[in-house]
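Read the structure below first, then the notes.
Rule-based calculations on the coordinates, nothing more; no lab input. This structure is a prediction, so every number in the text was calculated from the model and none was measured. Neighbour counts are summed over all protein chains in view; Cβ atoms, including those assigned to glycine, are modelled from backbone coordinates with ideal geometry.
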Ligand SMILES: [Zn+2]
């Protein structure tokens, strides 16, 4: 008897959660659409070339690894934040990236420990599915304190992926948080390895392998990778991927990091400036 009651109770709870999820999804979509309507005058003005400086609030939170050490250094994150600032202001866009309301800095370290499953978020359709599970709820809860006035919160995580495919970052629509993969940041400065000739019977030495590890790490941090945060903020401000067309071969919103440049079209600039994240106050 009790087993049966529990079963019904669980089914009802699941149903209620589903309804709450559906209502909240519809609410987010409607609110997004209303903000887009409100942004129409700004869209037109931006297209006409009238661009008065606006603000985009950003928080980047560095998560700790399993042993409690930060997944990235403040300096490494600041490097990609500075790159995003350049792209959003100098690129004829005139959007200043600033810290959230009542915060003095953009970059901070997460205080406390993090459940293991949180460090490996997914992007694309599996990422959408995760939004209402424990992982999504964790990110929603820890980005909420910063979320005033359109703030985008980006977490530096261990690994961003979409199924088996590795990603450098992700920012899905209708939520206020996204992620960048700690692998898409410059690795901490290592002392230049001095190749130590080790004379062995086979002629190989430990020095050689240290050199190749360093070369691989430096190679991975290409200009396109450096723009990962700027690219994800483009998604946060409603930009989609741009795969072809246009007079300029590169674009910030190219899905592949190697074709990524600072370039944005006038339409993309106007679309960012009229998004709900970009504000005058
Ligand atoms: Zn993208």
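Values for this structure:
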| read-out | value |
| --- | --- |
| Burial ordering of 264, 47, 229, fewest other beta-carbon atoms within 10 Å first | 47, 264, 229 |
| Overall form of the range 71-158 per C-alpha gyration tensor (a/c, 1.5; a/b vs b/c) | prolate |
| Convex hull volume per residue for the chain, taking Cα atoms only, in Å³ | 193 |
| Anisotropy class of the range 1-66 from Cα gyration tensor, a/c 1.5 cut | oblate |
| Pair-distance profile P(r), taking every C-alpha pair of the range 1-145, with 5 angstrom steps and integer % | 2, 7, 10, 13, 15, 16, 14, 10, 5, 3, 2, 1, 1, 0, 0 |
| Ranking of 280, 177, 139 by count of other Cβ atoms within 10 Å, fewest first | 280, 139, 177 |
| The chain: calculated mean residue ellipticity at 222 nm from DSSP helix runs of at least 4, using -39500 (n - 2.57) | -13000 deg cm²/dmol |
